[in-house]
1. Taking the solvent-accessible surface of protein heavy atoms with a 1.4 Å probe, what is the per residue accessible area of the chain in Å²?
2. Note the angle between two axes, namely the Cα long axis of helix 216-250 and the longest principal axis of the Cα atoms of the chain, as a number of degrees from 0 to 90, rounded to the nearest 10.
3. As a quick test, which of the pairs K87/K115; K42/K172; K186/K270; K42/K176 have an alpha carbon distance above 19 angstrom in this structure?
4. From the Cα trace of the stretch 5-68, what convex hull volume per residue do you get, rounded to a whole Å³?
5. Multiplying the sequence separation of A262 and I107 by 0.36 nm and subtracting their Cα-Cα distance, what value in nm do you get?
6. Straight-line reach from K238: which aspartates and glutamates fall under 12 Å, measuring Cα to Cα and dropping same-chain residues less than 8 apart?
7. Would you mind calculating the gained length between A307 and Q58 on full extension (0.36 nm times residue separation, minus the Cα-Cα distance), in nm to one decimal?
8. Quick check: from the Cα gyration tensor, does the stretch 135-240 come out rounded (a/c under 1.5), prolate or oblate?
Amino acid sequence: MQVSHNVPAADRYARCVQVSRRVSWDIDDDVIRGREFDYSHKFLPDGLSLVHELDFLQPDEQRFLSQIQGRTYANIFGLVERYINAKVLELSQRHWLGDQVALEALIRFSEEEMKHQELFRRIERMTAEGMPDGYRVVADPNDVARVVLSKSTWSVLGLTCHIELFTQQHYKQSIKPCADLSELYKDVFLYHWREESQHAILDELEWRAEDARLTDIERDEAVDDLIALVGAVDSILKVQSEADTDYFLAHANRAFTPAEEARLRDGMLKAYRWQYIVSGVQDPRFVGILADLVNDRQMARITAALAPLM
Ligand SMILES: [Fe+2]
Ligand SMILES: [Fe+2]
């Protein structure tokens with residue numbers, strides 16, 4: 001579902017409710033259906049994991065690395081959904097005594113993120129059984145949420161819009177067209193994408209509404225907050241990519257040269273930055289919304305802050 005600027009906001013909330021009702025799914029009955037992950041297949045496609053760039057790895061090593069990254073990919077969504085849900089509940093207050101359709105859209109959004117977190121916890125438990133011991137998620141969802149929610153609503157909505165747009169882009173452009181992924185893993189992100197499509201529209205509506213409330217000075221400060229939030233995401237990615245590389249090395253069953261190990265560490269961080277920052281900030285819909293909200297000087301500040309990550 002694409003956003004059209006010609007459609008009034010009230011109609012867009014109504015359409016989100018309508019689609020949300022139609023695509024709604026159940027974790028067991030629709031997504032998992034009694035299945036297990038198939039470890040003879042990759043989890044994340046090469047277009048996201050970038051494991052094909054690590055050409056000194058054997059095919060089974062590339063596959064294992066894609067499964068580690070895929071496990072982290074599910075965990076990172078579970079992580080960010082904690083703060084997203086808290087922010088959505090907070091924003092819903094603005095509609096309590098107003099547009100009841102908008103209120104329902106945000107309630108459904110919140111309920112879906114609760115369900116997604118449960119789904120991603122299930123996936124973590126399943127992959128913990130299917131993969132060797134020693135894997136860990138470095139960041140705590142509540143700690144992350146406290147940091148994110150301490151920033152201005154404008155910046156939190158900007159980060160969220162970015163995340164929910166790259167979720168869709170990843171599914172449509174990389175996961176869906178890839179023929180040799182674990183079927184269950186692929187389905188998890190098919191069903192997730194179906195509900196995320198509405199979230200991205202609601203993020204945009206709320207972000208634009210929040211933007212209209214701000215003074216120029218407040219918006220200028222919010223741009224700094226957004227830059228700080230992207231920096232906070234990058235800090236998590238640095239630690240998680242190190243932890244995931246250590247986990248890979250501990251279970252790779254062979255030694256790598258120092259040069260290969262360095263390429264592995266660089267490749268993991270590059271892949272994580274690509275997945276969680278770069279692919280999203282290049283998304284045409286995200287760029288279009290951001291360009292509507294900020295002035296040229298603010299856009300230049302954001303671009304300069306992102307340059308070292310690209
Ligand atoms: Fe979600
Ligand atoms: Fe979402």
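The values are calculated or read from the model by the stated rules, or taken from the named source; none is laboratory data. Being a predicted model, the structure only gives us computed values, none of them experimental. Every residue, glycine among them, receives a Cβ derived from its backbone with ideal geometry; neighbour counts consider all protein chains shown. Side chains are part of the model used for accessible areas, which takes the heavy atoms of the whole protein and leaves out ligands, DNA and RNA. Shrake-Rupley method; radii C 1.70, N 1.55, O 1.52, S 1.80 Å.
1. Working: 13680 Å² over 310 residues.
Per-residue value: 44 Å².
2. That helix lies at roughly 20 degrees to the long axis.
3. Pairs exceeding 19 Å: K186/K270.
4. Values: hull volume 8.2 nm³, N = 64.
Expressed per residue, the convex hull around the Cα atoms of the stretch 5-68 is 128 Å³.
5. Values: separation 155, 0.36 × 155 = 55.80 nm, distance 4.58 nm.
In short, 51.2 nm is gained.
6. D266
7. Values: separation 249, 0.36 × 249 = 89.64 nm, distance 3.23 nm.
Using 0.36 nm per residue and subtracting the Cα-Cα distance, I get 86.4 nm.
8. Details: a/c = 2.74, a/b = 1.52, b/c = 1.80.
Since a/c reaches 1.5 but b/c is at least a/b, the shape of the stretch 135-240 is classed as oblate.
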